[in-house]
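Heads up, the thing below is written out as C-alpha cells.
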Amino acid sequence: MAQHSVIRPGEALEPYDYSILLLGARGNGKSTFVNTLVNVIIGSNPGNLQAAAACDKYPNIIPALDDGLQERNDFKTIHAHFYKLKSSITDNKTILVIDTPGLASNGGISEDDDNVQIIINAARRIKFLNAIIVVEKSSTNRLSPLVEYNLCRISEIIPQDFQSQVIVAYTFNLGFILFMDNWFPFPIQYKLKINNGAFRYSSKEYQANPKYINKSDWDRSVNKIKKFITKLLTMQKVPTIQYTNLFDHHSTMMNKIADFKGFIDNIEKYKNFIKNSKPGERLNAIKWIRTDYHNTVCLEHRTLCHEKCSLNFDDSHGTSFFNNCLCMNAQKICKVCGCNSENHAYKNEKPIIEISSIDQMLDSCSIGDRSSSENILKAFEAKEQKLILDLVEIESNISRISPNYRISMYLIKAIDYLRFQIEFMENSNKLGELQSTLTIYQRLARGIQTCYR
C-alpha cells in the first residue's frame, strides 16, 4: 500500500532509505515535477491528482503533505519541504524528497543568496543523499544571462562529493530537448524527460471534460519515473558532511560581502565627512547586516521601516502590498521614512545606524595615521583591499569543498544578470536599487580581478 507523508517543523527526518535533493530556477516546473513524482508513486491519475506543492490549478495541498509552512501568493517555493514516499514503485523503500526554493527569483540576487543558505541548510539536515536533481525546461533554447546565472548558482551548491550524483529532469517535455548538455558546469549522470502538463487542468476540469485526459502522455510519465526510481535505487549513499562545511563557509562569505556593501555604502560619506566636517561633529554611518527573517525597508531612503514583518512574504515592488504593514499610518504613509507602499520592499537585511565621532569611526577601521586627509583616504583604500583579500581567502577554503564556488564567477554572472534585469525594469525605485547593486558588484569584481593578476 502506498504511503506518503511530510516532515513538519521540529520533527525528525529519519527513518528513510533513499533521499534526493531538488534544485532549479523559478518557473522551471519544479513544483509540478514534485507533484508528478508524488502522484505516480502513490498511484493517482489525471482526474484525481493530489498536490504536494501548491500550483495554479491545485492551490490546496492534501493534509498528509502539508507541513504548515506558508508559501507566497504566487505559489513560488520559499521554504524547504521534506516529503516521504513509499509504494511498490519504490520497491517498498522510503524515499525522502527535499523540495527547495527556486533560484533566479523575483527578489533578486540578495534573495537568491538567502535561498542558497536555505538549500544548504536543508541538505545538511539529512545524513546522506543518493541524488541531486536539477530541474530544467526542455524548451529553453538560449544560454541567456538568466540561464547562465542560474546554472552558476546551482553549481555553487553541488559539493565535490556529489559531482557524480547529479540527475537532470527536463520538464514540459514533448519529445525533444533544446537545452544543450555543454551548458552545464557539472557532469550529468542521468536524464529524466517528463511531461508534467497533467497539472494544466484541475480535477473539476478533468471531470467536466474527460477529453483533457491524455492517457498516453501520463503513461509515458509513469514509465519515465519508474525507470528513474530504478536508477535511484542503484545510486550510492553519499554522507552530507560537505554541506555542513559549505554552510559555514557560505555564511562567512555572505557576511563578508554584506560588510563590503556596507563599507562602499558609507565610504563616500566618510570621504565627505573627512573633507567637510567641523571639529566635534558626529557621523551617522549605516551598516547593513543579514537576518534570517524579512524586514520592510525603504528603497529610496535605505531605512528599516518594520523589522521582522509578519505579512505573508511577497517580493512585490512598486505596488500597494505594504499598505498593510505596521509601518504605515492611516493615510498609508510610512511612519518611519514618509514614503508610500510603492517605495518599500522585503529584505533579509537590516540597516544599523552607528553614530560616532570621526575618531571613533577611524578607530573602527583600524586607521592609525591621521596626519592628513590624504593618508586617511589611502587607509580606506587599504581597508577595502583587505575585505577583498578576505573574500579571496574564503573562496580558497570553499573551493576545496565545492570546486564551482568561485566568487569571481559569481560576480561575473551576477553582473550580467543585473544588467539583464536593468534592461527590462520599468519600476523606477527597483531600477535604482539594481543600479546601486550593480555598481557595488562591479567594484568588487575589479578588486577580485586585481588580486588574481
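List of remarks:
- Shape of segment 1-56, Cα gyration tensor, a/c cut at 1.5: oblate
- Under the Karplus curve 6.51 cos²θ - 1.76 cosθ + 1.60, θ = phi - 60°, whole-Hz ³J(HN,Hα) for segment 381-395, x wherever Gly or Pro sits: 4, 5, 5, 4, 5, 5, 4, 5, 4, 4, 5, 4, 5, 5, 4
- Shape call, segment 9-130: gyration tensor on alpha carbons, a/c limit 1.5: oblate
- Helix 145-156 axis, angle to the chain major axis (alpha carbon atoms, nearest 10°): 90 degrees
- Prolate/oblate/rounded label for segment 3-239 (Cα gyration tensor, a/c 1.5): rounded
- Between helix 215-232 and the chain there is an angle of about 70 degrees, using the helix long axis and the longest principal axis of the Cα atoms.
- Whole-number percent relative contact order across the chain, with pairs defined as alpha carbons under 8 Å at least 6 apart: 16 percent
- Under 18 Å from the Cα of residue 231 - aspartates and glutamates, other chains or at least 8 residues apart: 17, 91
- Relative contact order of segment 3-239, defined on C-alpha pairs under 8 angstrom at six or more residues apart (%): 25 percent
- Chain lengthening between residue 409 and residue 372 when straightened (0.36 nm per residue, less Cα-Cα): 9.5 nm
- Sequence-distant residues sharing a close amide H with residue 102 (under 5 Å, placed H): 77
- Taking θ as phi - 60° and the Karplus parameters 6.51, -1.76 and 1.60, the scalar couplings of segment 169-174 work out to 10, 8, 9, 6, 7, 10 Hz in sequence order, x denoting glycine and proline.
- For the chain, the antiparallel share of DSSP beta bridges with both residues in that region comes to about 60%.
- Sequence-distant residues sharing a close amide H with residue 19 (under 5 Å, placed H): 96, 130, 131
- Length gained on full extension, residue 363 to residue 383: 6.0 nm, using 0.36 nm per residue less the C-alpha separation.
- Taking other Cβ atoms within 10 Å as a rough exposure proxy, 144, 31 sort from fewest to most as 144, 31.
- Once Kirkwood radius over Cα pairs in Å is calculated for the structure shown, the corresponding label among (1) 24.0; (2) 23.0; (3) 25.4 turns out to be (1).
- Length-normalised contact order of segment 1-92 in % [C-alpha pairs under 8 Å, at least 6 apart]: 45 percent
- Helix 428-452 axis, angle to the chain major axis (alpha carbon atoms, nearest 10°): 80 degrees
- Subset of 137/191; 347/378; 261/350; 76/308; 137/430 violating a 22 Å alpha-carbon distance limit: 347/378; 137/430
- Per residue of the chain, the DSSP helices (runs of n ≥ 4 H) give a summed -39500 (n - 2.57) that works out to -13500 deg cm²/dmol at 222 nm.
- In summary, the aspartates and glutamates within cross-link reach of residue 256, defined as a Cα separation below 12 angstrom excluding same-chain residues under 8 places away, comprise 384, 390, 393, 395.
We did not get these values from a lab; they are worked out from the coordinates using the rules stated. Note that the structure is a prediction, hence the values are computed from the model and not measured. All Cβ positions, glycine included, derive from the backbone under ideal geometry; neighbour counts span all protein chains shown.
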